[in-house]
Amino acid sequence: MTLLLKNGRLVDPSQDIDGPLDILIRNGKVARIARNIPSPAGKNRKADSGATVLDMKGLVVVPGLIDMHVHLREPGFEYKETIATGCEAAVAGGFTAVACMANTDPVNDNRSVTEFILRKAAACGKARVYPVASITRNLEGKILSEFWDLKEAGAAAFSDDGRPVTNGTVMRRALEYAHSLDMPVLSHSEDPTLSAGGVMNESLVSTELGLRGIPAAAEETMIARDILLAEYTRASVHICHVTTAGSVRLIREAKARGVTVTAETAPHYFTLTDEALKDYDTNLKVNPPLRSTADMEAVREALRDGTIDAVASDHAPHALTDKAVEFDLAAFGMVGLETSLGLTLKLVHKGILSLPELVVRMSVRPAQILRVPGGTLKPGSDADITVLDLNRFWTVDSGSFRSRSRNTPFQDMPMKGRAVMTIVGGQVVYRELENAP
Amino acid sequence: MILQKKDILGIKDLPVEEIAIILDTAESFVEVSSREIKKVPTLRGKTIINLFYEASTRTRTSFEIAGKRLSADTINISASTSSVVKGETLIDTAKNLEAMNPDVIVIRHSASGAPHMLARMVRQSVINAGDGSNEHPTQALLDLMTIRAKKGTITGLKVAIVGDIAHSRVARSNIYGLQKMGAQVTVAGPATMMPRDIEGMGVEVRTSLEEAVSGVDVIMMLRIQLERQQQNFFPSLREYAQHYCLSRRHLDLAGPDVLVMHPGPINRGVEIAPEIADGPSSVILEQVTNGVAVRMALLYLLTGGKQ
Ligand SMILES: [Zn+2]
Ligand SMILES: [Zn+2]
């Protein structure tokens, strides 16, 4: 199949491109980028050769967005999400690829689970799925999973996400061993002895609400440890869901002295603060928790200056039964795949990020950190493409989510800009455009 | 003389005028409790459910007596947290209770915000009888009533609240209530028991009991949960008592006619020296009496009763 996207604004920071360019896709690969590429089979759409010409006038064509941190819940928690519904949600949110965390049941700590995830994802045929295998067996923090075998099975990275690796030596060995395999380790940095029992950020708000707090130091002390371990072992570490000004400062300083540390944050951390919890809405219960205004501003600034490399949703679907309970008892997490781009575009509208910078945070850097293809539209690369309509106004309606779960605090929030077409390997897997194939 | 909201969830969102209405109404009910026949027909035919997820004989009994003195039918449900383990959620319980069509649901729960959740789910009026570490509004109202009765006014008074501020819903509700009524509040206790950024609530913070009580008109001592010692909030009961047990020398530092209050039950010799708890400054038993009157007032006002 041949696809020609004409008259769009092509934004590809990996080639320093931002301008009106056509893009020709052939056999699942980017074949050519140029001005005014003639239709391979004359002027008509769906001509004899099978070439499809799509008019991208007024739209933006970017390398496919990659969400490097999601929870797809399968195997084990299919009532919250399945790989199929998660992939549907991903492409509807503009993502051509996702990395899914290992805290399933059974845990993705062995080849068979990794292969199962890949098989399910292939059967669905929507977004690419990069399974993240656990660092330790059964997420127990004691014995390393078989990194080599998991890599061969198709795991893209290692993480005990959902739980920290509290034992410093285990984390050191994980960083060293993964580094020798050129595999990333994604750290859920949390000191559980400091966060124990907490359900929200520890602040004046938690004091006023009488909810047990999670101090910023619970995150920061563990990030400090991870940075020091990466520095000492000369391995690299990726810090998941950064939320505090102190964490940002630690990462910024570490990068300045040459430590190979990368970091991500999630849209809710640069959109909301703990002030939003005043009505005990359990959709706002996330781990790490929503922080203060000063923290939110530090996260925004870190995204702007590149201290935080990537935006990842930490898509954490939960059924109503996990959330419609007392705040103390509710599960942590919110869905994010279908709101992540809209919320990040708000930073573009506010002038905090340029559009190319958004593409770097949501495509280029995630691909680099995970060492996976994507993040570029260079000729010869996989044709993973997201088409954006920056002027499309829409309102979050969780009822229309493709995700199996609805746990979002952004219901009814107005948004400007969304993905209108998602192409994976040259195949259109999601479209809102009328003339799309 | 009606309240704007259908529920009493906290003092935080209760306007000053409504607090005044509640206190005035409560005072008018004190007389009922001193009659020989302690019963008026005001709430005849009304049903009040006391839904207690946390054991509290005192508060539950106080609500029960309040309802009975107004001739309401009161039903007690002790839903231990084991029912949560069994799978019955608060939502299930709420729907069942609503179907039985009571007039008021009184809820005590160990999770902050649980009454707010219940209030959103049911048509009936909900009264928060204490939720987690959040609020205990009826306790604060009875405390305000007691202070007003003894001092004539609350405006301009200096009040010290002492003990485990971090885990105390009584402290939070009283901070809101006292400040709304024009009092100055100082909180005191070990630093480990001071919640984060409490200064942001407009209170003075002290770690010394001596400093906290100097020149104050009211001293409110909070109950210490003895198991906090295992959690390292203080090193030992002995050390805590040496520094935070209210005794004669503290009363000498306080203002003349200082009131000593405690929400009960008291750990004698830990929070308050026995002779102070039973001494002339103590209004601890008046608090209990006023508790019934305040709860009668709330039940009466929420059911839209007319006198
Ligand atoms: Zn995590
Ligand atoms: Zn996660």
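Checking region B:52-73 against the condition returns a match, with at least one residue being over 15 Å from B:Ala297 (Cα atoms) and within 14 Å of chain A (Cβ to nearest Cβ).
Listed conditions (1) out of contact with any strand residue (DSSP E or B) (no Cβ under 7 Å at 6 or more places or on another chain); (2) more than 14 Å from chain B (Cβ to nearest Cβ); (3) of a type in the set (A, V, I, L, M, F, W, C) are all met by A:Ala218, apart from (2).
Contact map, region A:158-183: residues that are within 14 Å of chain B (Cβ to nearest Cβ) paired with residues that are within 16 Å of ligand 2 (Cβ to nearest atom) and assigned to a helix (DSSP H, G or I), Cβ distance under 8 Å, separation 6+ or inter-chain. No pairs are found.
Confirm whether A:Phe332 is aromatic (Phe, Trp, Tyr) and over 19 Å from the mean Cα position of the chain (by Cα). Against the criterion (aromatic (Phe, Trp, Tyr) and over 19 Å from the mean Cα position of the chain (by Cα)), A:Phe332 does not qualify.
Restricting region A:259-292 to residues that are away from chain B (no Cβ under 13 Å) and among the hydroxyl-bearing types (Ser, Thr, Tyr), which is farthest from ligand 2 (Cβ to nearest atom)? The residue in question is A:Thr260.
Rundown of residues vs (1) out of contact with any helix residue (DSSP H, G or I) (no Cβ under 9 Å at 6 or more places or on another chain); (2) on the phi < 0 side of the Ramachandran plot; (3) part of a helix (DSSP H, G or I); (4) within 14 Å of chain A (Cβ to nearest Cβ), yes/no style:
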| position | (1), (2), (3), (4) |
| --- | --- |
| B:Glu199 | no, yes, yes, yes |
| B:Val205 | no, yes, no, yes |
| B:Gly215 | no, no, no, no |
| B:Met220 | no, yes, no, no |
| B:Ile224 | no, yes, no, no |
| B:Phe233 | no, yes, no, yes |
| B:Glu239 | yes, yes, yes, no |
| B:His243 | no, yes, yes, no |
| B:His250 | no, yes, yes, no |
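Of all the criteria given as (1) in contact (Cβ under 8 Å) with a residue 40 or more places away in the chain; (2) under 16 Å from the mean Cα position of the chain (by Cα), the one not satisfied by B:Leu285 is (1).
In summary, A:Val91 fulfils each of the numbered conditions (1) closer than 20 Å to A:Lys323 by Cα; (2) more than 16 Å from ligand 2 (Cβ to nearest atom); (3) crowded, with 24+ Cβ neighbours inside 10 Å; (4) of a type in the set (Val, Ile, Thr) with the single exception of condition (1).
When A:Thr293, A:Thr321, A:Thr339 are screened for being at pLDDT below 95 and either out of contact with any Leu (no Cβ under 6 Å at 6 or more places or on another chain) or buried (at least 19 other Cβ atoms within 10 Å of the Cβ) (or both), only A:Thr321 passes. Go through the residues of region B:265-277 one by one and say whether even a single one is assigned to a loop (DSSP other than H, G, I, E, B) and closer than 30 Å to B:Asp24 by Cβ. Yes, that holds for at least one residue.
When B:Gly177 is tested against (1) in a helix (DSSP H, G or I); (2) closer than 16 Å to B:Val270 by Cα; (3) within 21 Å of the chain's Cα centre (by Cα), just one condition goes unmet, and that condition is (2).
Would you please list the contacts, defined by Cβ atoms under 8 Å and residues six or more apart or on different chains, that run from a residue in region B:6-26 that is away from chain A (no Cβ under 14 Å) and more than 18 Å from B:Gly291 (Cβ to Cβ) to a residue that is crowded, with 22+ Cβ neighbours inside 10 Å and β-branched (Val, Ile, Thr)? The qualifying pairs are B:Lys6/B:Val126. Within region A:86-112, being over 25 Å from A:Val396 (Cα atoms) and touching a Leu at 6+ places or on another chain (Cβ under 9 Å) holds for A:Met101, A:Ala102, A:Asn103, A:Thr104, A:Val107, A:Asn108, A:Asp109, A:Asn110, A:Arg111. Of a type in the set (A, V, I, L, M), over 29 Å from A:Ala276 (Cβ atoms) and touching a Lys or Arg at 6+ places or on another chain (Cβ under 7 Å): is that true of A:Val372 in this structure? Here the answer is no, as A:Val372 does not meet what is asked. For region A:219-264, a residue qualifies if it is small (Gly, Ala, Ser), within 16 Å of ligand 1 (Cβ to nearest atom) and touching a residue at least 60 places away in the same chain (Cβ under 8 Å), but none of them does. Is it the case, given these coordinates, that A:Leu250 is in a loop (DSSP other than H, G, I, E, B) and away from ligand 2 (no atom under 16 Å from the Cβ)? So A:Leu250 does not fit the description; no. For region B:23-41, the condition of being buried (at least 18 other Cβ atoms within 10 Å of the Cβ) and not in a helix (DSSP H, G or I) holds for none of the residues.
Among residues of region A:303-329 being among the aliphatic types (A, V, I, L, M) and in contact (Cβ under 8 Å) with a residue 60 or more places away in the chain, the one that is nearest to the other protein chains (Cβ to nearest Cβ) is A:Leu320. A count restricted to region A:142-174 and to residues that are away from ligand 2 (no atom under 16 Å from the Cβ), assigned to a loop (DSSP other than H, G, I, E, B) and β-branched (Val, Ile, Thr) stands at 2.
The criterion of at least 1 residues that are free of Cβ contacts under 8 Å to residues at least 40 places away in the same chain and in contact with a helix residue (DSSP H, G or I) (Cβ under 8 Å, 6 or more places away or on another chain) is met by the following strands (runs of 3 or more DSSP E) wholly inside region A:12-123: A:95-100. Screening A:Ser206 with (1) more than 16 Å from ligand 2 (Cβ to nearest atom); (2) surrounded by 22 or more Cβ atoms within 10 Å (Cβ to Cβ); (3) over 18 Å from B:Thr192 (Cα atoms) gives one miss only, at (3). Are there any pairs with C-beta distances below 8 angstrom linking a residue in region A:188-210 that is at the interface with another protein chain (Cβ under 7 Å from one of its Cβ atoms) to a residue that is surrounded by fewer than 23 Cβ atoms within 10 Å (Cβ to Cβ) and among the acidic types (Asp, Glu), with the two at least 6 apart or on different chains, and if so which? Qualifying pairs under 8 Å: A:Ser203/B:Asp197; A:Leu204/B:Asp197; A:Thr207/B:Asp197.
The values are calculated or read from the model by the stated rules, or taken from the named source; none is laboratory data. Keep in mind the model is a prediction, meaning the values are calculated, not measured. Reconstructed Cβ throughout: ideal geometry from the backbone, glycine too, with neighbour counts over all protein chains shown.
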